[in-house]
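Right, one structure below, let's go through it.
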């Protein structure tokens, strides 16, 4: 009896029907570490989107509500308070000159556009923080759509700030695309490798033939 039981019970290496081949137990620790890194990167992207969204929303709302304000004079006063002499700082001088050339209608359009884009960034940030898949797709589409404009601005009006923003946007798009494609491959592999249907996996009476 003992010898029969020993012969009938499969060894750990024969559990999958292949003698001598060990059963793959997976690597839960590496999967958990990878998931943790993905969560961290998504949280960082979400924080960046939320920060930009709040900034754009506030600036846009202020511009739209104060279209008749002399913003060039305001900027000059703020620059002097910070010790930035416009005559010695090209960027500050250029910003003041651009503000002086804006009409109230242009300020209103810029303010509304900035507030709208800021709202979009806030939606992306909240969705990414809550790990929503629609937020990943929305971030990829919305960010990639503005890349040509960012490139055009960088070519015609180069600055380190614009270059940094373009690099960040490209990295965000690339990372999200890689993560979406990796998840899609993983979902497809799980569906193909599953040997039983949902009913058998859950042990329901209908699938097992038990009344």
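Side notes on the structure shown:
- Each of 129, 134 was scored by other Cβ atoms within 10 Å of its Cβ. Listed from fewest to most, they are 134, 129.
- Rounded if a/c under 1.5, otherwise prolate or oblate - segment 105-159, Cα gyration tensor axes: oblate
- Segment 42-131: translational diffusion in µm²/s, Stokes-Einstein, Kirkwood Rh over Cα pairs, 25 °C, 0.890 mPa s: 171 µm²/s
- The relative contact order of segment 53-160, computed from alpha carbon pairs under 8 Å that lie at least 6 residues apart in sequence, is 36 percent.
- Exposure proxy ranking, count of Cβ atoms within 10 Å, fewest first, for 39, 81, 150: 81, 39, 150
- Residue order for 76, 49, fewest other beta carbons within 10 angstrom first, comes to 76, 49.
- Relative contact order for segment 132-187, counting Cα pairs under 8 Å that sit 6 or more residues apart, in percent: 45 percent
No value in this document is a laboratory result; all are computed from the given coordinates. In this text, all values refer to a predicted model and were calculated from it rather than measured experimentally. Heads up, the Cβs are rebuilt from the backbone with ideal geometry, glycines too, and the neighbour counts pull from every protein chain shown.
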